[in-house]
Amino acid sequence: GAGVSQTPSNKVTEKGKYVELRCDPISGHTALYWYRQSLGQGPEFLIYFQGTGAADDSGLPNDRFFAVRPEGSVSTLKIQRTERGDSAVYLCASSLFPSGASYEQYFGPGTRLTVT
Amino acid sequence: AQKVTQAQTEISVVEKEDVTLDCVYETRDTTYYLFWYKQPPSGELVFLIRRNSFDEQNEISGRYSWNFQKSTSSFNFTITASQVVDSAVYFCALDSNYQLIWGAGTKLIIKP
């Protein structure tokens, strides 16, 4: 079946601009996660959705970052007033249930964001 | 504090050698889950294994095996008879309140 998809695969934007990154999870997966991965590092948790609501947004670095999942499926990560330090690969993952209930997370290919 | 340490930044071996990737974790939770993921050069993270804290049996899947030692808070991963296609970055992760806490990864290079 189809895996997690993310669009765009690459995004180059100028400092100060607004960007939206999209994630389409595996059909039927209720939990959706956003991570950020910088070069040479492991992923860093940003936010987790259970259904439509953000169950944990403690990883969002500041109020320039916001994510939504209005219908409990597709999610959009929104970054306002981008800064060069936001450059990273943004990863989306989904699971049947939160992984604390022993379901593994399946990852998309990521969106590489470059802020110039 | 929850933490995952992968002390080996990079390992390079010749094809057909066995190789072990180390993972040490810290957690105060009594119930937790540990994971290994593979990230090949293409970039997409691939799930390899999940282990819960109550199951200390070692697991083998083909050329892959995992050794979970709760007494030393370790969850090591061994590849037997390595192949060039095993070249990737391997991450160990700990599930904590539905977040995954990741190690820094070990880059594995398998030379032909």
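The values are calculated or read from the model by the stated rules, or taken from the named source; none is laboratory data. Quick caveat, the model's predicted, so the values are computed rather than measured. For neighbour counting, all protein chains shown are included, and Cβ atoms are generated from backbone atoms with ideal geometry for every residue, glycine included. Note: areas computed on protein heavy atoms with side chains; ligands, DNA, RNA excluded. Shrake-Rupley method; radii C 1.70, N 1.55, O 1.52, S 1.80 Å.
Kindly indicate whether any position in the stretch A:66-74 is within 11 Å of chain B (Cβ to nearest Cβ), open to solvent by 10 Å² or more (accessible area, probe 1.4 Å) and modelled with pLDDT under 95. First the steps, then the outcome.
In the first step, residues of the stretch A:66-74 are kept if they are within 11 Å of chain B (Cβ to nearest Cβ); the result is none.
Scanning the stretch A:66-74, I find no residue that is within 11 Å of chain B (Cβ to nearest Cβ), open to solvent by 10 Å² or more (accessible area, probe 1.4 Å) and modelled with pLDDT under 95, so the answer is no.
Any chance the stretch A:87-99 includes a residue that's within 14 Å of chain B (Cβ to nearest Cβ), aliphatic (A, V, I, L, M), surrounded by fewer than 14 Cβ atoms within 10 Å (Cβ to Cβ) and free of Cβ contacts under 8 Å to residues at least 60 places away in the same chain?
The answer is no; no qualifying residue exists.
Would it be correct to say that residue A:30 is β-branched (Val, Ile, Thr) and under 14 Å from the mean Cα position of the chain (by Cα)?
When the stated conditions are applied, residue A:30 does not pass them.
Just to verify a result, which residue in the stretch A:17-31, among those that are touching a strand residue (DSSP E or B) at 6+ places or on another chain (Cβ under 8 Å) and closer than 14 Å to residue A:51 by Cβ, is most open to solvent (accessible area, probe 1.4 Å)?
Among those that are touching a strand residue (DSSP E or B) at 6+ places or on another chain (Cβ under 8 Å) and closer than 14 Å to residue A:51 by Cβ, it is A:30.
Out of everything in the stretch B:22-59 that is open to solvent by 20 Å² or more (accessible area, probe 1.4 Å), without any contact (Cβ under 8 Å) to a residue 40 or more places away in the chain and hydroxyl-bearing (Ser, Thr, Tyr), what residue ends up being farthest from the other protein chains (Cβ to nearest Cβ)?
B:30
Quick check, is residue B:63 among the basic types (Lys, Arg), open to solvent by 60 Å² or more (accessible area, probe 1.4 Å) and within 13 Å of the chain's Cα centre (by Cα)?
Working: among the basic types (Lys, Arg): yes; open to solvent by 60 Å² or more (accessible area, probe 1.4 Å): yes; within 13 Å of the chain's Cα centre (by Cα): no.
So residue B:63 fails the test.
Where the second residue is open to solvent by 40 Å² or more (accessible area, probe 1.4 Å) and not in a strand (DSSP E or B) and the first is β-branched (Val, Ile, Thr) and lies in the stretch B:88-112, which pairs have Cβ atoms under 8 Å and are six or more apart or on separate chains?
Going by the 8 Å Cβ cut-off, the qualifying pairs are B:101/B:2; B:106/B:8; B:106/B:9; B:106/B:22; B:110/B:15; B:110/B:83; B:110/B:84; B:110/B:85.
Could you list all residues from the stretch B:83-105 that are polar (S, T, N, Q) and surrounded by fewer than 22 Cβ atoms within 10 Å (Cβ to Cβ)?
Passing the criteria: B:83, B:87, B:96, B:97.
Among the numbered conditions (1) at pLDDT 95 or above; (2) touching a helix residue (DSSP H, G or I) at 6+ places or on another chain (Cβ under 7 Å), tell me where residue B:95 comes up short.
(1)
Would you check which residues across the stretch B:68-80 are surrounded by 15 or more Cβ atoms within 10 Å (Cβ to Cβ) and either within 10 Å of the chain's Cα centre (by Cα) or part of a strand (DSSP E or B) (or both) and list them?
B:68, B:74, B:75, B:76, B:77, B:78, B:79 - these are the residues of the stretch B:68-80 that are surrounded by 15 or more Cβ atoms within 10 Å (Cβ to Cβ) and either within 10 Å of the chain's Cα centre (by Cα) or part of a strand (DSSP E or B) (or both).
Would you confirm, using the coordinates I've provided, whether residue B:108 is open to solvent by less than 60 Å² (accessible area, probe 1.4 Å), within 18 Å of residue B:28 (Cβ to Cβ) and more than 9 Å from chain A (Cβ to nearest Cβ)?
Here the answer is no, as residue B:108 does not meet what is asked.
So in the stretch A:32-65, with the set limited to residues that are in contact (Cβ under 8 Å) with a residue 60 or more places away in the chain and not hydroxyl-bearing (Ser, Thr, Tyr), which one is most open to solvent (accessible area, probe 1.4 Å)?
Only one residue tops the list, namely A:37.
For the stretch A:41-61, which positions are facing chain B (nearest Cβ under 8 Å) and either under 18 Å from residue B:45 (Cα atoms) or modelled with pLDDT of 95 or more (or both)?
A:41, A:42, A:43, A:44, A:45, A:48
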